[in-house]
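Structure, as structure tokens:
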Amino acid sequence: MLTCASIRDSENWFLDFDDTGRISDVAGITLPSEMEQWFRKAGYRDVREETNLKFSKGIDSVNEANALLAGGYRVCLFISANMIEFDDQSDEGSVLTRHWVVLRDRIQVSNGNVTTTIFTWGKGDYAIPHPGKGGALKPLALGDFVMNYYGYVAAKP
């Protein structure tokens, strides 16, 4: 995702994205169409963009992302940062989606709860659900996952 931040900055012609402590939120925004184009420019083939900026996606989209990952695609999920916060905020939806993560393992649903591993900037490989404050592991319900999941962009190398 550091690569994503670098590409984001190289394509900004007005706002500067150079320091996470000083940037405006606007300078760091990467729209799904831009992510799709970056994959194409990098030489990936069969690029698929299946996102929504406003409404969350459902289990069908999760299953598609899993199938693409199993088929050798690189899959980036478009999520609310609530899903990966340490303070157990994953059950709070958000109006704005603004975080890209790389899907590292299949999204598994068991007993109504979701588990997976993603790669996220600043944290590296990151287990979902993740231990909250105090180290307690709060299960992530499928409903809470999809409330914070806005789709994917996937590409075949």
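The values are calculated or read from the model by the stated rules, or taken from the named source; none is laboratory data. For clarity, every value in this text was computed on a predicted model and none was experimentally measured. As a convention, Cβ positions derive from the backbone with ideal geometry for all residues, glycine included, and neighbour counts pool all protein chains shown. Just the protein is used for accessible areas: all its heavy atoms, side chains included, with ligands, DNA and RNA removed. Shrake-Rupley method; radii C 1.70, N 1.55, O 1.52, S 1.80 Å.
Observations on the model:
Residues are listed down the side, and each one gets a yes or a no for (1) of a type outside the set (Ser, Thr, Tyr); (2) modelled with pLDDT of 95 or more; (3) outside any helix (DSSP H, G or I):
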{"site": "Glu49", "(1), (2), (3)": "yes, yes, yes"}
{"site": "Phe55", "(1), (2), (3)": "yes, no, yes"}
{"site": "Glu64", "(1), (2), (3)": "yes, yes, no"}
{"site": "Arg106", "(1), (2), (3)": "yes, yes, yes"}
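- Filtered residues of segment 117-157 (kept if at positive phi and at pLDDT 85 or above): Gly124, Gly151
- Search result, residues across segment 62-75 that are within 19 Å of His99 (Cβ to Cβ) and open to solvent by 10 Å² or more (accessible area, probe 1.4 Å): Leu69, Arg74
- Note on segment 12-47: among residues that are of a type in the set (Gly, Ala, Ser) and surrounded by 15 or more Cβ atoms within 10 Å (Cβ to Cβ), the one that is modelled with the lowest pLDDT is Ala27.
- Restricting attention to segment 97-108, the residues that are touching a residue at least 24 places away in the same chain (Cβ under 8 Å) and open to solvent by less than 70 Å² (accessible area, probe 1.4 Å) add up to 6.
- Any hit, segment 53-64, residues being over 12 Å from Ile107 (Cβ atoms), touching a residue at least 24 places away in the same chain (Cβ under 8 Å) and over 16 Å from the mean Cα position of the chain (by Cα): no
- Residues that are over 20 Å from Arg74 (Cα atoms) and either within 13 Å of the chain's Cα centre (by Cα) or buried (at least 17 other Cβ atoms within 10 Å of the Cβ) (or both), drawn from segment 115-145: Pro129, His130, Leu140, Ala141, Leu142, Asp144, Phe145
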